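Below is one structure, written out as structure tokens; the observations come after it.
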Amino acid sequence: MKFTRRLIAGALALSVAGAALPALAQDVTQKLADESVIETIKKRGVIKIGLSIFKPWSMRDLNGDLIGFELDVGRELAKDMGVEAEFVPTSWDGIIPALVSGNFDTIISGMTITPQRNLTVNFTVPYAYSGLTILANTAMTEGFTLEDYNSPDVTFAARRGATPATTIAEMFPKAELLLFDEDGAATQEVLNGNAHATMMAEPSPSDEARANPDVLSVPFDQAFGAGGEGFALRKGDPDALAFFNSWITHKANTGWLKARHDYWFRGDDWKDQVAQ
């Protein structure tokens with residue numbers, strides 16, 4: 001009898017526990033949803049977006065206002081969420097730590113999705129794609145093959161912490177690499193003859209070569225390190241990741257992302273708005 005009572009008691013306990021499991025799972029799911037940055041954005045009425053300044057992703061116009069592809073994306077995202085967009089310009093080498101520290105809700109700044117970055121942050125599906133090209137000082141690199149750039153006698157300049165710096169180090173490990181906070185400073189080193197070349201995503205190299213035809217050129221009709229660019233967000237937030245992914249997919253399917261990307265990367269109607 002005692003054994004039978006124990007079996008009945010055990011069965012009842014398992015039954016109660018089994019009934020409690022769905023409720024527990026629902027509580028956990030609700031807690032995750034409540035803690036999502038999406039809820040924070042909705043309550044605040046503002047989405048805070050981290051970005052770095054580099055043409056034509058994000059830049060300041062002649063009045064000092066921020067314009068560019070990323071600004072269009074961020075403002076459209078905010079409009080669809082029913083909130084305002086607040087952009088937080090941040091140096092590239094500190095932008096991921098600033099996101100992790102909670103300085104803003106997401107990074108929308110042409111950030112290439114890489115396994116190394118994915119160890120620290122989560123990425124959405126790509127909302128844009130780009131490749132890198134070499135911008136060279138023509139006189140200093142006359143007659144160079146691609147292999148000639150991989151030499152201790154060659155100096156590259158690049159933006160600190162950005163994908164071009166990593167790609168240069170991987171492709172040309174023997175070359176010297178000078179690091180700067182902005183793409184403009186790296187380009188200036190090449191213009192001044194202090195570096196043989198830099199590497200940037202198009203259309204920046206071709207634009208710089210057209211603006212300085214006597215000094216600069218794009219020596220190879222070849223893109224390197226092509227990859228997708230995603231929004232970066234803090235780990236442990238499945239609701240935010242799901243929302244941003246669905247938004248990007250919708251905007252890609254309707255053609256909105258391509259139209260805005262083509263405007264900034266394939267046209268020049270915007271160039272009279274910024275200092276050349």
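The values are calculated or read from the model by the stated rules, or taken from the named source; none is laboratory data. Just so it is clear, the structure is predicted and the values come from calculations on it, not from any experiment. Glycine also receives a Cβ, built like all others from the backbone with ideal geometry; neighbour counts cover every protein chain displayed.
From the list Ile47, Ile38, pick out the single residue that is assigned to a helix (DSSP H, G or I), of a type in the set (Val, Ile, Thr), modelled with pLDDT of 95 or more and more than 30 Å from Gln188 (Cβ to Cβ). Quick ask: steps written out before the conclusion?
Details: Ile47 fails: assigned to a helix (DSSP H, G or I).
From the options Ile47, Ile38, the qualifying one is Ile38.
Could you count how many residues in the range 122-147 are touching a residue at least 60 places away in the same chain (Cβ under 8 Å), farther than 29 Å from His261 by Cβ and in a loop (DSSP other than H, G, I, E, B)?
Count: 4.
Just the residues that are touching a strand residue (DSSP E or B) at 6+ places or on another chain (Cβ under 8 Å), within 12 Å of Ser52 (Cβ to Cβ) and in a loop (DSSP other than H, G, I, E, B), please, taken from the range 74-103.
Thr90
Within the range 235-247, does at least one residue satisfy the condition of being surrounded by 14 or more Cβ atoms within 10 Å (Cβ to Cβ) and either modelled with pLDDT under 95 or more than 22 Å from the chain's Cα centre (by Cα) (or both)? It would help to see each step written out before you state the result.
Step one: filter the range 235-247 for residues surrounded by 14 or more Cβ atoms within 10 Å (Cβ to Cβ), giving 237, 239-241, 243-245, 247.
Still in the list and also either modelled with pLDDT under 95 or more than 22 Å from the chain's Cα centre (by Cα) (or both): none.
Checked against the condition, which is being surrounded by 14 or more Cβ atoms within 10 Å (Cβ to Cβ) and either modelled with pLDDT under 95 or more than 22 Å from the chain's Cα centre (by Cα) (or both), the range 235-247 yields no hits at all.
Taking the range 112-148 as the search range and keeping residues that are of a type in the set (S, T, N, Q) and at pLDDT 95 or above, which one is surrounded by the most Cβ atoms within 10 Å (Cβ to Cβ)?
First pass over the range 112-148, keeping only residues of a type in the set (S, T, N, Q): 112, 114, 116, 118, 120, 122, 124, 130, 133, 137-138, 141, 145.
Next cut, at pLDDT 95 or above only: 118, 120, 122, 124, 137-138, 141, 145.
Details: Asn118: 13, Thr120: 13, Asn122: 18, Thr124: 24, Asn137: 22, Thr138: 16, Thr141: 18, Thr145: 10.
Looking at residues that are of a type in the set (S, T, N, Q) and at pLDDT 95 or above, I get Thr124.
Could you check Asp214 against (1) within 18 Å of Asp183 (Cα to Cα); (2) part of a loop (DSSP other than H, G, I, E, B) and say which number it fails?
Failed condition: (1).
Yes or no, residue by residue, for (1) of a type outside the set (Val, Ile, Thr); (2) touching an Asp or Glu at 6+ places or on another chain (Cβ under 9 Å):
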{"position": "Ser206", "(1), (2)": "yes, no"}
{"position": "Ala211", "(1), (2)": "yes, no"}
{"position": "Val215", "(1), (2)": "no, no"}
{"position": "Ala223", "(1), (2)": "yes, yes"}
{"position": "Gly236", "(1), (2)": "yes, yes"}
{"position": "Leu241", "(1), (2)": "yes, no"}
{"position": "His250", "(1), (2)": "yes, yes"}
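I need the full set of residues from the range 53-73 which are assigned to a strand (DSSP E or B) and either surrounded by 24 or more Cβ atoms within 10 Å (Cβ to Cβ) or not assigned by TED's automatic domain parsing to the domain that holds Tyr263 (or both), in order please. Don't jump to the end; show me each part of the working.
As a first pass, look at the range 53-73 and keep what is assigned to a strand (DSSP E or B): 54, 58-60, 66-67.
Within the range 53-73, just Ser58 meets the criteria.
Looking at Ala185, Ala169, which one is aliphatic (A, V, I, L, M), free of Cβ contacts under 8 Å to residues at least 40 places away in the same chain, crowded, with 16+ Cβ neighbours inside 10 Å and outside the structural domain of Asp262 (by TED's automatic domain parsing)? Reasoning before the result, please.
Values: Ala169 fails: crowded, with 16+ Cβ neighbours inside 10 Å.
Testing whether each residue is aliphatic (A, V, I, L, M), free of Cβ contacts under 8 Å to residues at least 40 places away in the same chain, crowded, with 16+ Cβ neighbours inside 10 Å and outside the structural domain of Asp262 (by TED's automatic domain parsing) leaves just Ala185.
Quick check on my filter: what residues within the range 148-161 are assigned to a strand (DSSP E or B) and not aromatic (Phe, Trp, Tyr)? Show your work before the answer.
Filtering the range 148-161 down to residues assigned to a strand (DSSP E or B) leaves 155-159.
Within the range 148-161, Thr155, Ala157, Ala158, Arg159 qualify.
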